Amino acid sequence: MLYNLKGEVPEGEHIVPIGRADVKRPGSDVTFVCHSKTVTVALKAAEQLAEREGVSAEVLDLRSLRPLDEEAIVGSVARTNRAVVIEEGWPHAGIGAQVVDIIQREAFDQLDAPVLRVTQADVPMPYNKQLERLAKPSPERVVAAARRVLYLD
């Protein structure tokens, strides 16, 4: 599903360290925790928030899920004091639930708002293209969640 994405490719040998998250976009108002296909969704949402609201969203790409870079997650949330976790899985028992658990255990006192999640709809993935689009996380849904944790709505 990532075949159609275009982007920069590093010159020469490039090794992605396992267990180390990467800040794809620094920010100070809210942290977007994401991985895989949702990185693009989070980056688009961060751009929209910056243009429309003047909100600075940090996009944290987990890059690997096991081991999970808990230090990066907690550090980012401690800087921004707000978090939106974005994943393409269902809302129950997914990696997003684990990330929220880490945040509430390790960064609870730094939070200024509840952690929100943007996930796939809790339905089997539809075959119809329009219904599939509605079921997946979108930049618009991420922006709406960010506005809620920032108390803009």
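The values are calculated or read from the model by the stated rules, or taken from the named source; none is laboratory data. Given the structure is predicted, the values throughout are model-derived calculations rather than measurements. So basically every Cβ, Gly included, is an ideal-geometry build from the backbone, and we count neighbours across all protein chains shown. We work out accessible area using only protein heavy atoms, side chains counted, and drop any ligands, DNA or RNA first. Shrake-Rupley method; radii C 1.70, N 1.55, O 1.52, S 1.80 Å.
At-a-glance table
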quantity	calculated
Check on Gln130, out of contact with any Leu (no Cβ under 8 Å at 6 or more places or on another chain), among the polar types (S, T, N, Q), more than 16 Å from Gly27 (Cα to Cα) and assigned to a helix (DSSP H, G or I)	yes
Where a residue in region 31-56 is small (Gly, Ala, Ser) and its partner, wherever it lies, is crowded, with 17+ Cβ neighbours inside 10 Å and part of a helix (DSSP H, G or I), with Cβ under 7 Å and at least six apart	Ala42/Val142; Ala45/Pro139; Ala45/Val142; Ala45/Val143; Ala45/Ala146
Subset of region 125-141 (residues that are open to solvent by less than 90 Å² (accessible area, probe 1.4 Å) and acidic (Asp, Glu))	Glu132
Candidate set from region 83-124 (those that are open to solvent by 70 Å² or more (accessible area, probe 1.4 Å) and not in a helix (DSSP H, G or I)); member that is farthest from Ala46 (Cα to Cα)	Pro124
Among the residues listed as Ser28, Ser56, Ser36, the single one being small (Gly, Ala, Ser) and closer than 17 Å to Thr119 by Cα	Ser36
Output for region 137-153, where each listed residue is free of Cβ contacts under 8 Å to residues at least 60 places away in the same chain and assigned to a loop (DSSP other than H, G, I, E, B)	Tyr151, Asp153
